[in-house]
Amino acid sequence: MSVYNIMYINDLDKIIKSETVFMKCLRGAKVSSSSFAPFFTVKIELRDIVGKLLATKENNAWVNNDK
C-alpha cells in the first residue's frame, strides 16, 4: 500500500483540510479525494510521503506531475 498526502485548497490558496491515506494506487487516491472533498475546494493536491507533488485537480480535471 502506498501513502498519499491529500491537501484541499480554497480559492484564496489556503489549505482547508489535509489528510493522509493509504491506497493501492494513485487512481484510488484520486477517486477518494474527489469524493470526500469539502464544499469550498477549488484545488486538490496529491503528494507522496516525502512531499513530492504527484497530481493536482483543478476545474474537474486531473493533471499528473511526471517530473
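The values are calculated or read from the model by the stated rules, or taken from the named source; none is laboratory data. On a predicted model such as this, the values are computed, not experimentally measured, just so you know. When we count neighbours, we look across all protein chains shown, and the Cβ atoms used for this are built from the backbone with ideal geometry, even at glycine.
Given the structure, is LYS24 crowded, with 16+ Cβ neighbours inside 10 Å and of a type in the set (Lys, Arg)? Can you show your working first?
Numbers: crowded, with 16+ Cβ neighbours inside 10 Å: no; of a type in the set (Lys, Arg): yes.
Answer is no for this residue.
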Legend entry - Residues that are in contact (Cβ under 8 Å) with a residue 40 or more places away in the chain and surrounded by fewer than 17 Cβ atoms within 10 Å (Cβ to Cβ), drawn from segment 27-54: ASP48, ILE49, GLY51
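Matching residues to (1) of a type outside the set (Val, Ile, Thr); (2) modelled with pLDDT of 95 or more:
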| residue | (1), (2) |
| --- | --- |
| VAL3 | no, yes |
| ILE15 | no, yes |
| PHE22 | yes, yes |
| PHE36 | yes, no |
| LYS43 | yes, yes |
| LEU46 | yes, yes |
